[in-house]
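Worksheet: the structure to be examined is printed underneath.
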Amino acid sequence: MVLTTEICDIKLKNPLISASGILDEHGYSMLRLLDSGTSAVTTKSIGMNEREGNLNPTVVEVEGGLINGMGLPNPGIDNFGDEIKIIKRERKEAKVIGSIFADTPENFSFLAKRMEGYGVCAVELNLSCPHAKGFGAEIGSNPENVLQITREVKKSVSIPVFVKLTPNVTSIVELAKACEEGGADAIVAINTVRAMKIDINAGMPVLNCKIGGLSGKSIKPIGVRCVYEIASEVELPVVGVGGIMSGEDAIEYMMAGAKVVQIGSAIYYRELDVFKKINNEIESFLDERNLELGDIVGMALKR
């Protein structure tokens, strides 16, 4: 069974990409992801300047997933080029997607150009982080902002532009249409869902930032619905992400319309070889039904 595929002319050995935010701040940890079976690695979201993020506690495990309120800690764009150089030195053909965040279209464009200069195969615009003031979902919940940022970035780079959208809105389709109008090459759906955990003994929120973003298996039905809605209304290819723990989960996203999928929290639950496990599970599903990978993409949209 062959699982090779492509998105936006980026050729991939399988439909699994690592999601931003997991083992992706340092070159050697990203190499570990690439060696574990992922076809491409998405970097941590990188901003204009070094950022410490929120104070601890920043992560809490809950039933069905993890709530994090990291606050976009990162080393800043000037310090990140060396990490990508490590990957390119060790794996010349490695596919790296550069995730970036900013507060203005101009800053997004600046970061995208820097990432392109570092050798990434695409940029992913983080317009969806739910727990960083002035960034992410705070600006990415407005279709006009999404349109202007996407359009500005597209003018500044020649590599594909992916836009990662938030589910914490009334209509994710309106955001997707803004991406399409702005010239985006693909949509990534979804980022984490706003959530919180309260310590009933202390009588206070567990996270220092109070409200964070829920990831893990409990958000998969939301992600699948969002991908289905987007794929029903927009012509752009979709990258599905959110709660994918197994081959069955990945297939569900693909049947909803996702061309490829991203894996994040599953690394915590099923360890680093989760990519190989999920690829094997997809292969078994397809073999049993005499299907090819392309046969299942958008299957549910036709029924």
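Derivation of every value follows stated rules applied to the coordinates shown; laboratory data play no part. Just so we're clear, the structure is a prediction, and the values are computed from it rather than from any experiment. Neighbour counts run over all protein chains shown; Cβ positions are idealised from the backbone, glycine included.
Table for the structure above
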item	result
Mean residue ellipticity (222 nm) of the chain, computed from DSSP H runs ≥ 4 via -39,500 (n - 2.57), nearest 500	-11000 deg cm²/dmol
Highest to lowest packing among 127-140, 208-221, scored as the average C-beta count within 10 Å	127-140, 208-221
Distant alpha-carbon pairs in the stretch 128-229 (separation over 19 angstrom), percent	47
In nm, spacing of pseudo-spin labels at Asp273 and Lys92 (7 Å Cα→C-beta vector)	3.0
Cα-based Rg and Dmax for the chain, where Dmax is the largest Cα-Cα distance (Å)	17.9, 55
Cα coordinate range in the stretch 239-285, projected on the principal axes (Å, largest first)	27, 22, 12
Scattering profile of the stretch 1-75 at q = 0.19, 0.20 Å⁻¹ [log10 I(q)/I(0), Debye over alpha-carbon scatterers]	-0.92, -0.97
Cut-off under 5 Å, modelled amide H: who pairs with Glu25 long-range	Lys44
Distant-in-sequence amide H partners of Ala258 (H built 1.01 Å from N, under 5 Å)	Gly298
Amide proton proximity set for Val59, modelled H, under 5 Å, gap of 5+	Gly69
The stretch 163-303 shape via C-alpha gyration tensor axes, a/c threshold 1.5	oblate
Per-residue ³J(HN,Hα) for the stretch 94-106, Karplus 6.51 cos²θ - 1.76 cosθ + 1.60, θ = phi - 60°, Hz, x for Gly and Pro	4, 9, 10, 9, x, 8, 9, 9, 7, 10, 9, x, 5
